[in-house]
Amino acid sequence: MLSRRNVRIKVMQVLYSMNQDKKLGLEDIVRRYMDNVKKSYDLYLFTLYSLVRVAEYAKQDKAKKMAKLLPSESDKQFTASLSENELTTSLVQHEDYQRMLRQRKMPASVELDNIRVFYQDFAKTEEYQQYSRKSTHQQEEHRDILLLLFKHLVNHEPYNDFLEDHFPNWVDDESLVVGAVKKTIKALPATAHFYEDHRPQPDTVNDFGEKLLRSVVEDDDELLEVIEPTLRNWDADRVATIDMILLKMAVSELLSFPSIPTKVTLNEFVEVSKLYSTDKSKDFINGILDRLMKQLEKEGKIQKQGRGLKG
């Protein structure tokens with residue numbers, strides 16, 4: 001589930017925390033990094049769970065409509081298909097998935113008041129009203145309404161606030177998690193171990209992320225020695241903290257990861273700087289890394305494996 005960009009961001013964040021708290025050692029921030037990776041996966045599980053809970057509220061909606069003294073014709077036509085279809089129930093009745101949720105105490109984290117508000121907001125849409133009045137559906141109609149519900153939720157500010165309250169990393173991992181949940185919905189009914197498809201992989205988390213993190217910390221002085229000559233009129237102490245961290249990470253990646261093309265490294269760190277540093281950082285990072293790449297290639301220090309990887 002985690003891309004290398006997501007991992008770069010998490011490495012940058014723990015390196016920044018180490019810069020701000022001098023008491024933190026390498027193993028401290030490695031543990032913090034691993035915890036942040038776990039939170040990303042937990043956020044995926046939680047987001048999917050909250051979606052299912054909103055869908056399940058259709059049963060309560062139906063019960064309330066039927067309990068009216070004089071239910072309207074619209075009330076009588078209403079079905080709880082959003083909850084009772086085979087796609088939703090494949091998650092509700094999935095024993096391994098539900099066990100994982102209980103282990104993480106997620107059921108206790110979702111307040112019914114929030115679920116009701118999210119459902120009632122979606123219930124106002126014409127698409128849901130048409131869907132809920134139909135007595136029979138094709139499976140694709142259930143899939144489409146679940147996707148529409150999820151799209152509605154992630155575009156609903158209270159839902160974003162709700163997720164961020166439980167998982168502050170929602171701000172960083174939103175696009176990642178949204179993509180993973182959409183893929184899950186499109187693949188429903190849920191298979192035996194569907195959630196494993198989105199578990200962060202060791203080659204990304206450990207072989208890339210942890211290695212990058214350790215190399216930046218362990219080779220900090222050497223990386224600074226490489227970077228300083230390219231700063232020209234800039235004093236290293238005047239470079240923004242995040243920018244210096246990104247430069248060190250990029251240089252480490254250029255030198256220590258032979259399978260990653262140099263242009264990929266350059267472009268990725270420029271993009272991360274757009275998201276997490278100052279307005280001028282993009283051009284600064286791009287310029288410094290461009291000069292560094294040329295210098296390191298000239299000195300024969302960048303060794304890439306595979307055809308075309310230097311370009």
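Remarks
- Helix 4-20 and the long axis of the chain differ in direction by around 70°, with both axes built from C-alpha atoms.
- Residue of 87, 213, 69 that the Gaussian network model of the chain assigns the largest fluctuation, springs spanning Cα pairs under 10 Å: 69
- If a spin label sat at a point 7 angstrom from the Cα of residue 93 along the line to its beta carbon, no backbone N atom of region 48-73 would be nearer than 13 Å.
- Nearest 10 degrees, 0 to 90: helix 112-123 Cα axis against the chain principal axis: 80 degrees
- GNM result for the chain, Cα springs below 10 Å: residue of 155, 36, 85 fluctuating most strongly: 155
- Partners of residue 280 within straight-line reach, counting lysines whose Cα lies under 23 Å from its Cα and excluding those fewer than 8 residues away in the same chain: 10, 248, 263, 294.
- A Förster radius of 45 Å combined with the Cβ-Cβ distance from residue 197 to residue 70 puts the calculated FRET efficiency at roughly 0.40.
- Sparse-neighbour loop sites [GluC sites (Glu not before Pro); region 197-306; at most 10 other C-beta within 10 Å; DSSP]: 299
- Net charge, residue 51 excluded, C-beta distance under 11 Å - Lys, Arg +1, Asp, Glu -1: +2
- Using alpha-carbon coordinates, inclination of helix 157-166 to the longest axis of the chain, degrees: 70 degrees
- Net charge over other residues, Cβ less than 12 angstrom from the Cβ of residue 42 (K, R count +1; D, E count -1): +3
- Whole-angstrom gap from region 116-132 to region 141-160, using each part's C-alpha centre: 10 Å
- Evaluated at q = 0.10, 0.13, 0.14 Å⁻¹, the base-10 log of the normalised Debye intensity for region 4-198, with identical point scatterers placed on the Cα atoms, takes the values -0.48, -0.74, -0.84.
- Here the gap between residue 166 and residue 60, fully extended at 0.36 nm per residue and compared with their Cα-Cα distance, gives a gain of 35.7 nm.
- Separation of alpha-carbon centers, region 265-283 and region 1-51, rounded to whole Å: 19 Å
- Derived value for region 58-114: Kirkwood hydrodynamic radius 13.5 Å. Basis is the mean of 1/r over every pair of different alpha-carbon atoms.
- GNM top mover of 104, 238, 143 - the chain, alpha-carbon springs below 10 Å: 238
- Radius, Kirkwood style, for region 219-298 when every pair of distinct Cα atoms is counted (Å): 12.5 Å
- Once the Cα-Cα distance is subtracted from the 0.36 nm per residue extended length, the residue 116 to residue 27 segment shows a gain of 27.7 nm.
Computed from the coordinates by the stated procedures, all read-outs in this text should not be read as laboratory data. None of these values were measured; they are calculated from a predicted model. A quick note on method: Cβ atoms are made from the backbone with ideal geometry, for glycine too, and the neighbour counts reach across all protein chains shown.
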